[in-house]
Every structure is written in C-alpha cells, then in structure tokens.
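So the structure is just underneath, and the comments pick up after that.
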Amino acid sequence: MTGSGVFAVEYQTSIRALKGVGEKRAQLFEKLGADTVGALLQLYPRQYEDWSQVTRIDAAPFDKNCCIKARPVGEVREHRIRKGMTLYKVTVSDGHSRMRITIFNNKYAAAKLKPGHDFLFFGKAGGNFNGREMTSPMIEEAGTGERIRPIYPQTAGLPSRAIESAVAQALNEMKENLEDPLPEALRQRYSLCHRRFALENIHFPVSREACEIAKKRLVFEELLILQLGMLTLKGRSRELAGCRLTRDTTAAFFSTLPFTPTGAQRRAVAECVADMQKPTPMNRLLQGDVGSGKTAVAAALCHTAAASGMQTAFMAPTEILAGQHYKSLSQMFKTAGIRVALLTGSTKAKEKREIYEALEAGEIDVAVGTHALLTEAVTFRRLGFVITDEQHRFGVAQRAALSQKGDHPHLLVMSATPIPRSLGLIIYGDLDISVLDEMPPGRTPVKTYAVNTSYRERAYHYVKKHLDAGRQGYIVCPLVEEGETDLTSAREYAQKLQNGSFRRYQVGLLHGKLNAREKEETMTRFYNGGIQLLVSTTVVEVGVDVPNAVIMVIENAERFGLSQLHQLRGRVGRGKFQSTCILISDAQNPEAVKRLKVMCETNDGFKIADEDLRLRGPGDFFGHRQHGLPKMKIANIFKDIAVLKEARQAADGVMKADPKLQAPENRLLGEAVRSLFSDIAL
C-alpha cells in the first residue's frame, strides 16, 4: 500500500507538500513507494548509525564504525594531488589524544572545520596505536548530531540524509494527528507503545531500547492487519456456496486408477468432500511434497464435482504445467465421460472461441489453463470448483478473480513448497490445510551426491552411462546468459556440451527467455525422447514429468536455496528407475556446505523446508515475494514468528468480538485492513 490513508487525512497528503520536495525530488520519493506523507512515514530505516556513543580517540576500534568527538588543532591544509582531486587534512584532538582527518574532494566539509569548535567524526579509525587517523568520515557539529541516525533505502539522486530531513518534517507536522489504530485495551494486553512513540523512535530513536520497543509495536500492527485481512477473507467465504456436492463419486474414481491411492490422498480427498458438502464454500490448501500425488487428489475432486453438475477451473502458473495437468486429467477421465479443455495464451483464436462457447454452454466439465482463464471472455455456466496449482506463485487477488466467475465456488489451492505446518496456518490464514505426508508406493528416493568441480568429467561420464542405456537427463545451471557474474550462460554451456562431452547425443536447451511455444516444443521433444540431455535454468523446476529422466546434474548448486534444490531434484525419480542427482559446487562457506549435506541426507521436503528456514532465515524462502501476500513494510513473516503468533491470537480475539470491524474502537483497524487488501473487495 502506498500510504496508509487510515490514521488522518494528512496521511493522504502528497509528498510534494513537504518543504524542499519539488517535482523532481517527489518523483524520486515515488520510486521508493513514498508518494504521500503516510507512505513516507512507513519508509522505515534499513539500519542505523549510532552517533550517540562517543568513543575516545585512543580507544577507537579499527574494525568498525565509531563516533569521535574532537576539535580541529590548527587550520585545514589543502593538497592538490592531481587534476580534479584535492585532499584536505587536519589534526583533531579530544583532549586526550590526537587524530589525523583526511577528506577527499569535499571543500564544503573541510571549510566548516574551524579551530575551537567541537565536531563529531563518524567512520572507521585507521593508523596504529602511535597515531590514529580517519579517512572521509561523516562530520556533524557537536550538540546536534549526538544521536542514533537512520539510514534509509535509497535511490540515485535521493540520499539518506534528504529522506531523513523529509521524515523529520513530516513527523513534526503530523505530531498532533497521529491517531492509533490499535485499541488501548489491545495495546495494554500485548505491552505495546502508542503509534506516535513508535513512529518517532523507529525513525529517530532516543535509545536502542526505544528503537526495539517501536519496532515490535509496528511489526505487531502490520502483522495484525495482515491476519485480520486473511480472517476477513476466510469469513467472507463462509457465505452460502453456489454449488454443493450432491454425490460423492471419489471411490468409483479411485477404482479406475492403475495404482492404489495412499492413505494421505484418501484423507485429503475426504476432507475436501466434507467441505464441499457443507452450505459454505471450501477454502483449502493442499500441501504436498514433489511427487506426493496432488494431481490425483485434484482429479478425484473434479470427478465428483462433475457428477454434481459443477464445472471446474484448474489454473496453473505456466503453460508447461497447465499442459501437464491437461494430459494427466484427460488420461484419468478417458472412460468417465468428463470433458476437459486446455486454455492458454498459445491456444489458437478459433479454438479459444470454441472453448469459450462450450464453457458458457456447460459442455466442458474441467477447464485447465493459465492466467488465460482470468480474461473477461471466459464465462462459465456453473463454476462450482476452482483449483490453483503452485499456490505461492499466485496472489490472493488472482484466486479471488477466478472465484468471482462463479457463485461462491469451492476453492482448492495446491503447493509443492513444503513449509512448517504451524507457519502454514498463519501464512495461509484464509485457508484450511490438508497435508500429503506419504509418498506413493514404488517411488524410489533419489540418490543425491555433492561433489566439487574436479569431479565434473566423472559426473558427465556417469550421465552418459544412463543416456547409453536409453534413459534421459538434465543439467541445470543458474543463469540464462552472461551477466555481471562469471557463471557460464545456459546457451553457451549447452553449446559447449553439444560440441564437446555430449557431441554424440541430442542436447536441448530450456530457459525463461524462450517464448511459450518454444518452451512447449522443447519439453515435448524431451518428453517424446527427441532430446536426451536437457540443459535448463530453473524454469524446469515446475515442468512436465518425464518418467524416463533419471539423472540430474546441478551446476553451482550453492546458488540455490534448499527448497529450490529439492524442487529441481523432483524432476527426476518420476518413473520406475533408480534416479540420481549430482550437486556440483566449490563453495567453502559453512552454510552452503551444510545445505548441500542436508540434500544428500534426506528426500523429505518438510525436513528440508525446516532446515532451509533455519539456515537461510527469512531470505528468499519463497523466492521473490512469490507467496502472494501483500507486501510488508517492516514485518518479516519468518524472522518475526513470535510476534506473528501474538498477532494471530489478537486477530482471532478481535474478529470473534467484532467480525465486521465496525465497533468504534476498531474503525481504524477496519480501514487499515481494507487499505492493505485494496486490490480485493473485502
């Protein structure tokens, strides 16, 4: 949200209203998401410089920043060392010791250093115990600068000091109008400060303790608003469903399958059927590891939905995955008389028109597709069931948009990114959760080995043995083309392999810059055996299952997170053959070594997710904001897990007492929730 817009009218005021912020500077603030005064106050510092603790010169550490209070001894000396480069040198004293200050090309800073005046010098001390020196320190007059100073996210042309000045002005002008959205009783229950104190001390903390108190309060507020929004969505789904299951045909469907479903699959289906028989719509997350059988669960539910006269919309994030689901469902339903259609951006115009007409007429039972299902042209006769796959790649708004094509349809979202169950209950607060924690029988765990680059040729030789036996394999590398790193691009790498070690084999290439048709053609050739070795970037992480692919080599394996490595590894081991994954890395840092060791020790996605979270912290657990939640300004869902649990508890209490957030004490909370979820009509 760009500007809270909930605590006072002044929050909505344009950033241009602040003194010193003209048109050009306002555009720079807008780049940082601070287009209003409210948004500026939520542009929180990314770190702090502690100018409040003054260090004596003779005690200044050599390895970290410190603040020294001293006065110049004598005049500043100017030295021109070459054209366009001037050094300014001065000796300063704190009354105990002296220190040399060197300033590069900053005449303004040098000119203000007058003898007899105290200044603060902030930077890293150098020299030795016989004489200290500081090069290019930040300099402030003593008396005004002895405090903890904020460092803000910046953009070219807008330094942190300029942002600091604008924030100070905004806080000063807003002081009397800083209403608090948290009711006083709730603040007391969770020992939280007032919002005014929080904003003042997150930007300009009077002490480190005050900063921590402020941060906890703001994190709590943000997570509370998030949880209230999720619970509102969940409550909204409790309106009457447009369609209810009148028959349960899942047992009949299971009897047609060439395999016996696992207990976990049967349990998940039963939970979903029970939900879909209720008067309110199902709102459930199906979470299962790679290969745990989520598609068969979805198929059983599509089958029973069709028997009750419902249409199903099944949305996947990529054309490759949508095509895979279409093929799987078509195969499973070939004797059931259930009509399945595939709708993607690549579908020909004539075929699209035919699908649109058939959907509207109710002649298609299951529409599988990508975002193409969201277009206005798609109209269902009786949409009763919505499925989205790879949940972390879709936002809440996209789920809602698809659901709006029906009359409160049942919703199932599927994810192959295992996360700890307790965390899942919070992150997916608007959903109930079913977990597939058993693997289908006959699935042989993938053997995983970590080696350094000196073993690369031996790894290639091992790959060739499998290709010679009629199997297929993958080699995964992190980048598509030469960039700022020294990693070989996928294109060059594939060419090198085709002309070198694998010249007798058919080598293919798959990467994110291919268009959808090219990706589809490449994967089809691989699936049909026309490509023996597929060189790919991570786009293969979610792709077509190729049971004949039994070997994967991952280059620069340290570049990937554990969960992503696990997803990649899941592309092999899909058939009856023993499969192998070889991780190549020269990484020496302990964290990377530990990650690769975990991959070699377990195939359990939930254990891997726990370890990934523990090792990497919040980081890129889901990749770049792929979890679909509104963007947080200060809270971190993983790092702030303890506060998140408190906020969840508080949200449950608030919603129980006031589900519509209409009570006077909850008015501002209600506004904040609607603002955060502004792309969804709550």
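The values are calculated or read from the model by the stated rules, or taken from the named source; none is laboratory data. Bear in mind the structure is a predicted one, so any value in this text is a computation, not a measurement. Glycine gets a Cβ as well: all are built from the backbone with ideal geometry, and neighbour counts include every protein chain shown.
Data table
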| item | result |
| --- | --- |
| Tally, over the stretch 320-346, of residues that are touching a Lys or Arg at 6+ places or on another chain (Cβ under 8 Å) and in a helix (DSSP H, G or I) | 1 |
| Test set (1) closer than 30 Å to Cys272 by Cβ; (2) part of a loop (DSSP other than H, G, I, E, B); (3) touching a strand residue (DSSP E or B) at 6+ places or on another chain (Cβ under 8 Å); (4) modelled with pLDDT of 85 or more - Phe502 fails condition number | (1) |
| The stretch 262-277 residues that are outside any helix (DSSP H, G or I), paired with ones that are of a type in the set (S, T, N, Q) (beta carbon under 9 Å, 6 or more apart) | Thr262/Ser292; Gln277/Thr246 |
| First in the stretch 321-336 and of a type in the set (S, T, N, Q), second anywhere and at pLDDT below 95, Cβ under 6 Å, 6 or more apart | Gln324/Val544; Ser328/Thr295 |
| Enumeration of residues in the stretch 399-426 that are touching a strand residue (DSSP E or B) at 6+ places or on another chain (Cβ under 8 Å), modelled with pLDDT under 75 and either aromatic (Phe, Trp, Tyr) or part of a helix (DSSP H, G or I) (or both) | Arg399, Arg421, Gly424, Leu425 |
| Which numbered condition Leu233 misses (of (1) more than 23 Å from the chain's Cα centre (by Cα); (2) assigned to a helix (DSSP H, G or I); (3) under 30 Å from Ala306 (Cα atoms); (4) among the aliphatic types (A, V, I, L, M)) | (1) |
| Residue that is farthest from Gly38 (Cα to Cα), among those in the stretch 179-191 that are surrounded by fewer than 23 Cβ atoms within 10 Å (Cβ to Cβ) and of a type in the set (A, V, I, L, M, F, W, C) | Ala185 |
| Residue match in the stretch 297-315 (condition: at negative phi, modelled with pLDDT under 90 and in contact with a strand residue (DSSP E or B) (Cβ under 9 Å, 6 or more places away or on another chain)) | no |
| Hey, Met85 under 22 Å from Asp50 (Cα atoms) and out of contact with any His (no Cβ under 7 Å at 6 or more places or on another chain) or not | no |
| Candidate set: the stretch 268-290, residues that are among the aliphatic types (A, V, I, L, M) and surrounded by fewer than 16 Cβ atoms within 10 Å (Cβ to Cβ); chosen: the one farthest from Phe606 (Cα to Cα) | Ala274 |
| Close pairs from the stretch 181-194: first assigned by TED's automatic domain parsing to the domain that holds Ile225, partner surrounded by 15 or more Cβ atoms within 10 Å (Cβ to Cβ) and not in a helix (DSSP H, G or I), Cβ under 6 Å, at least 6 apart | His194/Asp180 |
| Residue in the stretch 358-368 that is assigned by TED's automatic domain parsing to the domain that holds Cys302, surrounded by 19 or more Cβ atoms within 10 Å (Cβ to Cβ), touching a residue at least 24 places away in the same chain (Cβ under 8 Å) and over 28 Å from Thr256 (Cα atoms) present | no |
| Qualifying residue in the stretch 617-629 (condition: out of contact with any His (no Cβ under 7 Å at 6 or more places or on another chain), basic (Lys, Arg) and either crowded, with 18+ Cβ neighbours inside 10 Å or modelled with pLDDT of 90 or more (or both)) | no |
| Enumeration of residues in the stretch 32-70 that are in contact with a strand residue (DSSP E or B) (Cβ under 8 Å, 6 or more places away or on another chain), aromatic (Phe, Trp, Tyr), modelled with pLDDT of 90 or more and in a loop (DSSP other than H, G, I, E, B) | Trp51 |
| Residues (modelled with pLDDT of 90 or more and surrounded by fewer than 16 Cβ atoms within 10 Å (Cβ to Cβ)) located in the stretch 143-152 | Ile151 |
| Residue count, the stretch 238-267 (criterion: surrounded by 19 or more Cβ atoms within 10 Å (Cβ to Cβ) and under 36 Å from the mean Cα position of the chain (by Cα)) | 8 |
| Enumeration of residues in the stretch 18-62 that are within 22 Å of Lys89 (Cα to Cα) and charged (D, E, K, R) | Arg56, Asp58 |
| Count of residues meeting criterion [surrounded by fewer than 18 Cβ atoms within 10 Å (Cβ to Cβ), farther than 10 Å from Leu231 by Cβ and within 29 Å of the chain's Cα centre (by Cα)] in the stretch 647-673 | 3 |
| Test: residue in the stretch 542-560 that is part of a loop (DSSP other than H, G, I, E, B), in contact with a Leu (Cβ under 6 Å, 6 or more places away or on another chain) and under 16 Å from Gln324 (Cα atoms) | yes |
| Total residues in the stretch 52-77, condition buried (at least 21 other Cβ atoms within 10 Å of the Cβ) and touching a Cys at 6+ places or on another chain (Cβ under 8 Å) | 1 |
| Some residue of the stretch 208-224 being more than 27 Å from the chain's Cα centre (by Cα) and either among the hydroxyl-bearing types (Ser, Thr, Tyr) or closer than 27 Å to Phe677 by Cα (or both) | no |
